[in-house]
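Written below as structure tokens is the structure these notes are about.
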Amino acid sequence: MSRLLNKKIREPSARGRPIDQNKQDEQKSKLLDAAQKLLQSQSYRDITIRALSQEAQINSAMVSYYFDGKEGLFLALLDRMSGTHFNQIQRIAKTDQPIRAFIHFILKMLNENNGFARFIYDEFDQNQSQLGDAFIKRFPTKMAQILPNLILKHTAIRDKRQAKFAAFTLMSMVIMPFVGRSIRQKAWKISDDDIATDSWAEHIYKLFIAGCGQQDDMNNIKPE
């Protein structure tokens, strides 16, 4: 038994799997970075383990070793993005103009990770998708807990149900231009550069706050 255990302990080194924890963390990070980068130009379904390993410059076997395959890697990517972004959203919630800051932040995140919106559209519309379920738990569910409270506190809305409706409407206003990218570009002639500007974020903010019966900091908005 002890000989078998010793053999299993030695296997990672024999197959190029680093025993050093720092090295393992570095390789995991490289694979996550590769997955995030490839999403910018390819759909989730088109991304192969070989492409991931080439982008990360790591043996393809490491995808299965660390993440149990491609789906596990992208689940880990969702975890990383969720943790990073919701830490920032928690800080935004404590600012003087949280709704405005929230809109600017989410738009900046989507513009910098435009493949993420396609990832949402391609994968999370599937009824039996593990990735879809994971996304809902890590992003919309958390958003549904945070955003309505901001709306109750910083707009004229006082009804919790109306705040929930308003929060969902705001997320639709922010996300749809990315999910409907092809229609936006072809029918409306609104470019990626257009929705990456501060003026686009302010446009959404003004419409939303006006629809909420104003309050917040609308008095500080100067007409263009």
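Couple of notes before you dig in:
- Filter result (hydrophobic (A, V, I, L, M, F, W, C) and closer than 16 Å to L75 by Cβ) within the range 16-50: L31, L32, A34, A35, L38, L39, I47, I49
- Residue count for the range 55-71, restricted to those that are under 21 Å from the mean Cα position of the chain (by Cα) and exposed (fewer than 15 other Cβ atoms within 10 Å of the Cβ): 1.
- Test for F74: is it farther than 23 Å from D192 by Cβ and within 14 Å of the chain's Cα centre (by Cα): yes
- Of the residues in the range 175-185, at least one is at pLDDT below 95, touching a Leu at 6+ places or on another chain (Cβ under 8 Å), surrounded by fewer than 19 Cβ atoms within 10 Å (Cβ to Cβ) and assigned to a helix (DSSP H, G or I).
- Here I204, I195, I209 are screened, and the one residue that is in contact with a Ser or Thr (Cβ under 9 Å, 6 or more places away or on another chain), in contact (Cβ under 8 Å) with a residue 60 or more places away in the chain and aliphatic (A, V, I, L, M) is I209.
- Single condition L73 does not satisfy, out of (1) in contact with a Phe, Trp or Tyr (Cβ under 7 Å, 6 or more places away or on another chain); (2) assigned by TED's automatic domain parsing to the domain that holds G213: (2)
- Criterion applied to L110, L78, L52 was being crowded, with 17+ Cβ neighbours inside 10 Å and either of a type in the set (S, T, N, Q) or at pLDDT 95 or above (or both), and the one residue passing it is L52.
- I99 assigned to a helix (DSSP H, G or I), modelled with pLDDT of 95 or more and β-branched (V, I, T): yes
- Taken residue by residue, the range 30-40 has at least one member that is at pLDDT 95 or above, surrounded by fewer than 19 Cβ atoms within 10 Å (Cβ to Cβ) and assigned to a helix (DSSP H, G or I).
- Meets criteria (in the same structural domain as I106 (by TED's automatic domain parsing), at pLDDT below 95 and in a helix (DSSP H, G or I)) for R118: yes
- Some residue of the range 197-214 being in a loop (DSSP other than H, G, I, E, B) and modelled with pLDDT of 95 or more: yes
- Flag for I190 being closer than 14 Å to F102 by Cα, in contact with a helix residue (DSSP H, G or I) (Cβ under 7 Å, 6 or more places away or on another chain) and at pLDDT 95 or above: no
- Flag for A93 being assigned by TED's automatic domain parsing to the domain that holds S172, surrounded by 13 or more Cβ atoms within 10 Å (Cβ to Cβ) and modelled with pLDDT under 95: yes
- Comparison of L107, L38 shows that the only residue that is outside the structural domain of H203 (by TED's automatic domain parsing) and of a type outside the set (S, T, N, Q) is L38.
The values are calculated or read from the model by the stated rules, or taken from the named source; none is laboratory data. The structure presented is a predicted model; accordingly, all values stated were derived computationally and were not measured. Virtual Cβ from ideal backbone geometry, glycine too; neighbours counted across all protein chains shown.
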